[in-house]
Amino acid sequence: MPEDILKAHIETFSASGAKQKNQDACGFFQPFSQEATAAKGITAAIADGVSACERAKEASECCVQGFLIDYYSTPYSWSTERSAGEVISALNTWLYSQSNRSFDNSALLTTLSVLIMKSNTAHIFHMGDSRVYHLRDGKLSIITTDHSIRVSKQKSYLTKAMGFDLKACIDYLQIPLKTGDVFLMTTDGVHDYLAHDSLEKLLNNESSSNEIVNAALAVGSLDNVSAVKCIIKSLPYKGLTETFDELAELPVPPVLEKGIKINGFEIVSTIHASSRTHLYLARDLRDGSSVVLKTPSVSYSDNPHYLTRFLYEEWVGARIFNPNVVKVRRFAEEKNFLFYALEYIKGITLRQWIDAHPNPQVDEVMKIVRQIIRGLRAFHRREMLHCDLKPENIMIDEKDQVKLIDFGSTRIAGVSELVTQLSSDDIHGTYGYSAPEVITENRSSRMADQFSLAVIVYEMFSGRLPYKKPNANLSKKRLYSLVYRSLLEYNPHIPIWIDGAVAKACSLYPEQRYESLSEFLYELEHPNPGFIKASYKKCTDSSLNNYRVFAALSLAFNVILLLILVR
């Protein structure tokens, strides 16, 4: 199972060098919780106080420490660019206000370079002549621009610095991350004395930040020397925004034929082809295992909405790791086409199982239901809703293991991209299995997934749906006027409490359903006296009503017979 966690090894080293005071500052912060790491990332910063100012050390420390503290206090809902930009702007305003009050060389001026590693992207913010380098596949490149003018070999002047102006005009750029990437942040006491080739060689030899600083001192550095080294150890699966960004880059593959190789897979045969998608049985050339490749149809290659949802489906599936949910393969290499790989399930759909078992045993049904619930819980723990649970989207393999498939309608709580990117207003799951509030109000919740599951349980026992199957034009008034038909009408051998539990779980009103799937499962498996009593009362009332009707008819018959005799 992939770790799905961002991990980085960071080390810093700073020394005064040939000077009496060290006016550099550097630091980093790695959140303790995965939630904070996912929301805000891992951050490193370096600053070089302007030596002509007496308060240079105060300025550099203020920027590094202030940024590392304040950045993590910004709302999780803010983008990285906004969060970092707001903090840097506030720090710059404070430095400028302090400098503006000074009428001597006690102004607070400093360079600042910030590296934020979040999800699969590096965000770099930069002002001044500190530098950020990037090493990938043994090649070193400078990814920041020096904001300075050099007038001689020993003398240069900054053109931008924190605290120099009221408005902070800071450079910002993004770089996609790869496992093994190395970032190096240095002050000019290091990079002014170590040539580019020397730095590249040191990094390729896995030299520490301490060793890089000592190398600069060894060749005669006359300034403060500081270095921050970051190594990307592991990456999470790509975030939603990053996945969408691939849409413009990946072409839809043509129709694939047997023997064609694509990104380490060889096509074996076509499983299914429609106007929307193609499914292929393929062999993974790395380990020989069988997989299913899913590709969009070429006819949808110019439909951005459909392609966006296709990518979203892959993103959702790759984040759920559960034996009762079909596995989506992660890729170690860049893809050349728009497709994704699923584990190959040799088995049947639940629809086929229902058709083959018209009178199933209770134990057989419950064995399947337990596994469906385990799969649904995997979605719910990730704050996801399946939203299209039906027999066609449930597979049973040769070992009787149940797996949920199809993530095209899945919704994620709190993901704002859904509103702008996916336009999910037209997605209501499947009529007959979708809860009324989904059809009429497009309102999904765990209660809606519970409703769909209850309908499936009803169908497994009876071969029918508990309510009339609605159509797309069914009004809200008519929908809520539907009446639940007891399972016992179709299968009188089912325990009374199972009918009661199913009726509650697929109530037309979400507030009347169970609060959790575990509660629903418990009442399916254990007799609830309340359901038994209610069923008995219903049967008794029905019998009494039948008796009353019979008595009334008998009295009327006797009266008519008496009148005939009298006449």
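Derivation of every value follows stated rules applied to the coordinates shown; laboratory data play no part. Small disclaimer: the values here were computed from a predicted structure and weren't measured. Using ideal geometry, Cβ is built from the backbone for each residue, glycine included, and neighbour counts are taken over all protein chains shown.
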Which one of Gly128, Ile231, Val219 is farthest out on the positive end of the charge dipole of the chain, using unit charges on Cβ (Lys, Arg +1; Asp, Glu -1) and the Cα centre as origin? Ile231
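Quick one: which of 137-144, 451-458, 176-183 comes out on top by average Cβ neighbours within 10 Å, and what's the full order, highest first? Show your work: numbers first, answer last.
On the way: 137-144: 13.4, 451-458: 24.8, 176-183: 17.0.
In decreasing order of mean packing, 137-144, 451-458, 176-183 become 451-458, 176-183, 137-144.
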Rounded to the nearest 500, the 222 nm mean residue ellipticity computed for the chain from DSSP H runs (n ≥ 4, each -39500 (n - 2.57)) alone is -11000 deg cm²/dmol
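Once the Cβ-Cβ distance between Leu482 and Ser301 is put in as r, and R0 is 35 Å, what FRET efficiency do you end up with, to the nearest 0.05? Intermediate results must be reported in sequence, preceding the final value.
Working: r = 41 Å, r/R0 = 1.18.
The pair Leu482/Ser301 has a calculated efficiency of 0.25.
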Relative contact order of region 241-343: what whole-number percent is it, with Cα pairs under 8 angstrom and at least 6 residues apart? 27 percent
Given the pairs Lys118/Lys261; Lys57/Lys233; Lys258/Lys335; Lys40/Lys201, which span a C-alpha to C-alpha distance of over 23 angstrom in this model? Lys118/Lys261; Lys57/Lys233; Lys40/Lys201
Multiplying the sequence separation of Leu565 and Ser73 by 0.36 nm and subtracting their Cα-Cα distance, what value in nm do you get? 167.3 nm
For region 118-173, shape from the Cα gyration tensor axes a ≥ b ≥ c, cut at a/c of 1.5 then a/b versus b/c, turns out oblate
Sorted peptide list for 8-17, 487-496, criterion being average Cβ within 10 angstrom, highest first: 8-17, 487-496
Taking the Cα centre of region 259-344 as the origin and placing charges on Cβ (Lys, Arg +1; Asp, Glu -1), which of Phe337, Ile271, Ser297 is farthest toward the positive end of the dipole? Ile271
I need the shape label for the chain. Rule: rounded when a/c is under 1.5, else prolate if a/b > b/c, else oblate, with a, b, c from the alpha carbon gyration tensor. prolate
Using a Förster distance of 25 angstrom, determine the FRET efficiency expected from the C-beta separation of Glu35 and Ser89, and round it to 0.05. 0.45
GluC sites (Glu not before Pro) in region 188-217 lying in a DSSP loop, each with at most 16 other Cβ atoms within 10 Å of its Cβ, come to Glu206
I want to check the label-to-label distance for Asp355 and Ser198. Put each point 7 Å from Cα in the C-beta direction and report it in nm to one decimal. 7.6 nm
Once the piece of chain linking Asn210 and Cys169 is laid out straight, how much longer is it, given 0.36 nm per residue of separation minus the C-alpha distance between them? 11.6 nm
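Counting only complete DSSP H runs, which helices of the chain cover 27 Å or more along their long axis at the Cα atoms and score a mean Kyte-Doolittle of -1.0 or above?
Going by DSSP H runs, the hits are 80-100, 362-381, 529-566.
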With the 8 Å Cα cutoff and a minimum separation of six or more residues, the chain has a relative contact order in percent of 10 percent
Of the listed peptides 45-54, 280-289, what is their order by residue-averaged count of other C-beta atoms within 10 Å, with the highest listed first? 45-54, 280-289
Restricting to DSSP loop positions (anything but H, G, I, E, B) with no more than 16 other Cβ atoms inside 10 Å of their own Cβ, which GluC sites (Glu not before Pro) remain in region 311-395? Glu333, Glu334, Glu383
